[in-house]
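Engineer: The structure follows.
The values are calculated or read from the model by the stated rules, or taken from the named source; none is laboratory data. Worth saying up front: this structure is predicted, and the values here are computed from it rather than measured. Cβ sites come from the backbone with ideal geometry, for glycine too, and all protein chains shown count toward neighbours. Note: areas computed on protein heavy atoms with side chains; ligands, DNA, RNA excluded. Shrake-Rupley method; radii C 1.70, N 1.55, O 1.52, S 1.80 Å.
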Amino acid sequence: MAPPRPSSPLPAWATANALFRRHRRLLPLLLPASSLRDLLPVLSYCLVSGLARNPFVASRLLLASSGLALPFSLLLLSHLPASSLSPFSFNSLIRASPPGLALRLFDQMRRRGVPPDTYTLPFLIRACSGSDPLLCQALHGQGSRLGYGCHLFTQTALMNMYFACGSVVAACKVFEEMPARDVVAWTGMVSGYVDSGMYLKAVEVFQEMRCADDLVWPNEATVVSVASACAGLGSLEYAKGLHSYVEKIGLERELIVRNALVDMYGKCGGIESARGLFCLMQKKDLHSWTAMISVLASHGHGKEAVALFFSMLEAGVHPDSTTFIVVLSACSHAGLVDEGIHVFNTMESEYHVSPSIKHYGCMVDLFSRAGLIHRAYEFITSMPFEPNLKILGALLSACSINNELEIGELVLNKIESVCSYKGGAGVLLSNIYATQNLWQEVDTIRRKIRTEAIARKPPGQSLIATEVPYTSL
């Protein structure tokens, strides 16, 4: 029986591989299988013919099955002889596993006499990313013991892991100890600072990268990370500097870069620059439209944002969950009640996007801002899940503004029953009582606030934005 004809072109190395030329029925291992059922015929052939004892074939079987059913891959691994296992076999499973299982696989790898290669530690480190600092330090020490302490892949993975667990100082130390840095290492350092909220440090690292002797040029991922840093700083001067540099190195035509620049300009207050970039884009994807709608919505151009949303639909681009959140927020801030209701009602019926609690929160905010207090309360009671403090607080604030005592009391009772932290809910209700001269109730609720052992709001902070020291990007 002839093997099924592959629907996708084979890798160049496979056409010259003697093993695949002799055993044509192995060809499905080179292409991603859609289900475990599709993989079973070739697995059966390998087991019956004995090809599963070949280390290369065994590694391809484990790689193919790990993306479909990890428990099945582990079962297959347990039945394969040690002679058929290679570092690639374990690497494929480690990279697809959660932290605990990845560590057990690494331990099993060593017990079965399979030596780790240069990719094993990076895959293990990435699998355990976000774990506690002690595990990060243990993996760091393991890398040094195995002789990979100065290996660039391992060091980059360690740096990213330290950032993920909040150990910024340790991440910086790993970065400084790198004997050579490629664009992945530099980009990881920039994005690590961005994820840690240290935007100015991220920009400084980018400037250091440009002046380094390694002759490393930034790529699209680097520019996107720096754009996020500029957006976090809110510095239009930095934003324009980055845009000029991107044009200089020829990356402006990349769609992902243009999307990042539109978002950056919007968050830095450069709405006209964002609009100009968007209009010049010959090709736009969903992220392009969503970014521009968000820019317009966040700058008070709600009607234009909603109009752009409908233009996106006319262009044949289907919105996702994030797009709906952005356009519903635009409707809320612009007071476009009918448009917001229409958009919400078409989410699931026309675009198969199930509303989440964020979408329901946008609708409650829409009704509350429009003074439709009863409609907002009815909407909350019809939600398929419990409302959170943000949703209930928005309605209670609207009750305070519109002097709606009856619904305000109902909302406060709901907050007390479902929220462990109640924020300033009691104060808002006491303001409604005060407006109606119900001073006894004001005294009662404020005494309750003072005496109850409740979680207190974290102390507020006031920040004065000073001019960010600018160095040309």
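Engineer: Within region 78-102, take every residue that is over 32 Å from the mean Cα position of the chain (by Cα) and among the aliphatic types (A, V, I, L, M) and give me the one that is most open to solvent (accessible area, probe 1.4 Å).
Structural biologist: So the first thing to find is which residues in region 78-102 are over 32 Å from the mean Cα position of the chain (by Cα), and the list is 78-86.
With among the aliphatic types (A, V, I, L, M) added as a condition, the list becomes 80, 82, 85.
Details: L80: 10, A82: 52, L85: 17 Å².
Applying the filter and picking the extreme gives A82.
Engineer: For region 151-181, name all the residues that are closer than 18 Å to V216 by Cβ, in contact with an Asp or Glu (Cβ under 9 Å, 6 or more places away or on another chain) and not basic (K, R).
Structural biologist: Selection gives L152, Q155, T156, A180.
Engineer: If you go through region 236-247 one residue at a time, do you hit one that is crowded, with 22+ Cβ neighbours inside 10 Å, touching a Gly at 6+ places or on another chain (Cβ under 8 Å), within 23 Å of L280 (Cα to Cα) and not basic (K, R)?
Structural biologist: Checked against the condition, which is being crowded, with 22+ Cβ neighbours inside 10 Å, touching a Gly at 6+ places or on another chain (Cβ under 8 Å), within 23 Å of L280 (Cα to Cα) and not basic (K, R), region 236-247 yields at least one hit.
Engineer: Still on this structure, I have one more. Quickly run through region 213-265 and pick out the residues that are of a type in the set (D, E) and free of Cβ contacts under 8 Å to residues at least 24 places away in the same chain. Break it down stepwise before answering.
Structural biologist: In the first step, residues of region 213-265 are kept if they are of a type in the set (D, E); the result is 213-214, 220, 237, 247, 252, 254, 263.
Result: D213, E247, E252.
Engineer: In region 119-157, how many are among the small types (G, A, S), outside any helix (DSSP H, G or I) and in contact (Cβ under 8 Å) with a residue 24 or more places away in the chain?
Structural biologist: Count: 3.
Engineer: Of the residues that make up region 179-190, is at least one of a type in the set (S, T, Y), surrounded by fewer than 23 Cβ atoms within 10 Å (Cβ to Cβ) and in contact (Cβ under 8 Å) with a residue 24 or more places away in the chain?
Structural biologist: Looking for residues that are of a type in the set (S, T, Y), surrounded by fewer than 23 Cβ atoms within 10 Å (Cβ to Cβ) and in contact (Cβ under 8 Å) with a residue 24 or more places away in the chain, one finds none in region 179-190, hence no.
Engineer: Considering only region 353-372, how many residues are assigned to a helix (DSSP H, G or I) and either without any contact (Cβ under 8 Å) to a residue 24 or more places away in the chain or surrounded by fewer than 22 Cβ atoms within 10 Å (Cβ to Cβ) (or both)?
Structural biologist: Residues in region 353-372 being assigned to a helix (DSSP H, G or I) and either without any contact (Cβ under 8 Å) to a residue 24 or more places away in the chain or surrounded by fewer than 22 Cβ atoms within 10 Å (Cβ to Cβ) (or both): 5 in total.
Engineer: Within region 214-222, identify whether any single residue is surrounded by fewer than 23 Cβ atoms within 10 Å (Cβ to Cβ), under 20 Å from the mean Cα position of the chain (by Cα), within 23 Å of E252 (Cα to Cα) and aliphatic (A, V, I, L, M), and answer yes or no.
Structural biologist: For region 214-222, residues surrounded by fewer than 23 Cβ atoms within 10 Å (Cβ to Cβ), under 20 Å from the mean Cα position of the chain (by Cα), within 23 Å of E252 (Cα to Cα) and aliphatic (A, V, I, L, M): present.
Engineer: Among (1) touching a helix residue (DSSP H, G or I) at 6+ places or on another chain (Cβ under 6 Å); (2) of a type outside the set (S, T, Y); (3) open to solvent by 60 Å² or more (accessible area, probe 1.4 Å), there is one condition G130 misses while meeting the rest; what is its number?
Structural biologist: (3) is the only condition that G130 fails.
Engineer: Another question about this same structure. Among the residues of region 37-69, write down those that are loosely packed, with under 15 Cβ neighbours inside 10 Å and within 21 Å of P98 (Cα to Cα).
Structural biologist: G67, A69, listed by residue number.
Engineer: Right, here's the next one. Name the residues in region 373-416 that are open to solvent by 30 Å² or more (accessible area, probe 1.4 Å) and assigned to a loop (DSSP other than H, G, I, E, B), would you?
Structural biologist: S382, P384, F385, E386, N388, N403, E404
Engineer: Taking into account only those residues within region 191-213 that are within 22 Å of G166 (Cα to Cα) and among the acidic types (D, E), which is most open to solvent (accessible area, probe 1.4 Å)?
Structural biologist: The initial filter retains those residues of region 191-213 that are within 22 Å of G166 (Cα to Cα), namely 191-206.
If we keep only those that are among the acidic types (D, E) as well, we get 195, 204.
Values: D195: 131, E204: 81 Å².
Filtering region 191-213 for residues that are within 22 Å of G166 (Cα to Cα) and among the acidic types (D, E), the one most open to solvent (accessible area, probe 1.4 Å) comes out as D195.
Engineer: Would you call D107 touching a Phe, Trp or Tyr at 6+ places or on another chain (Cβ under 9 Å) and acidic (D, E)?
Structural biologist: On the way: touching a Phe, Trp or Tyr at 6+ places or on another chain (Cβ under 9 Å): no; acidic (D, E): yes.
Considered against the rule, which asks whether it is touching a Phe, Trp or Tyr at 6+ places or on another chain (Cβ under 9 Å) and acidic (D, E), D107 comes out as no.
Engineer: For region 197-212, which positions are out of contact with any helix residue (DSSP H, G or I) (no Cβ under 9 Å at 6 or more places or on another chain) and either charged (D, E, K, R) or free of Cβ contacts under 8 Å to residues at least 60 places away in the same chain (or both)?
Structural biologist: If the condition is that a residue be out of contact with any helix residue (DSSP H, G or I) (no Cβ under 9 Å at 6 or more places or on another chain) and either charged (D, E, K, R) or free of Cβ contacts under 8 Å to residues at least 60 places away in the same chain (or both), then C211 is the only one that fits.
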